[in-house]
Amino acid sequence: MLSARYLVDAEHIHVLVYAGLSGRQGIISWPSTDDADPTPANGLSDARPQRRRALRPESASAVGQLLLDAHAASVNTQFGENGTYVYDYQPPARVFEPIEILKAIDGYDFENWSDPGWDTSEAYRYCYHLREAMIRQLPGYNDASTWEITPSTESLAEHRRRTA
């Protein structure tokens, strides 16, 4: 588990951004309150009814900076520090499975809880949408027929036995 005494390593941010870029879940986007002019580099759009930010290759560094800045705000609040750095997205050294990404999100989320604005931040919304995308990639998710459960709904174990 990460220690909130220091800023997260850039590699942790690289992995969280790369996971969102992997393309298996489509483009991840989330509501934004950023009032900057929309550009491909910041991923902002004026889609109605609500402004959104999307993670695309050209916005990867901006999204990574957003994640880093949210973490820096938490560390700075908790420990009275004033640290951050300029983030530049690089593909991570390793590719991780969805379950590992879920744990990385949980670790990042845990380290940011002390910031009073964390649960309303854009970084939090990104993590929420990335978490949803990773859950949908877990083995068996697409085979499960439990969107609506009735007395005749087949369990995943039953489905596997029937199709084996």
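The numbers here are math on the coordinates, done by the rules we state, and not lab data. Since the model is a prediction, treat every value here as computed from it, not as a measurement. Cβ placement follows ideal geometry from the backbone for every residue including glycine, while neighbour counts extend to all protein chains displayed.
Summarising the amide proton neighbourhood of Tyr89: residues at separation of 5 or more, or on other chains, whose placed amide H is nearer than 5 Å comprise Ser61. By the combined test of axial Cα extent (at least 18 Å) and Kyte-Doolittle hydropathy (mean at least 0.0), the qualifying DSSP H helices of the chain come to 60-79.
Residues whose amide H falls under 5 Å from that of Arg52, counting only those 5 or more places apart or on a different chain, are Ser32, Ser45, Ala47, with hydrogens built in the peptide plane. Per-residue Cβ neighbour counts within 10 Å put Val86, Val75 in the sequence Val86, Val75, beginning with the fewest.
Listed by Cβ neighbour count within 10 Å, with the fewest neighbours leading, Thr120, Thr39 appear as Thr120, Thr39. For segment 131-164, the set of trypsin sites (Lys or Arg not before Pro) satisfying both a DSSP loop assignment and a count of at most 14 other C-beta atoms within 10 Å is empty.
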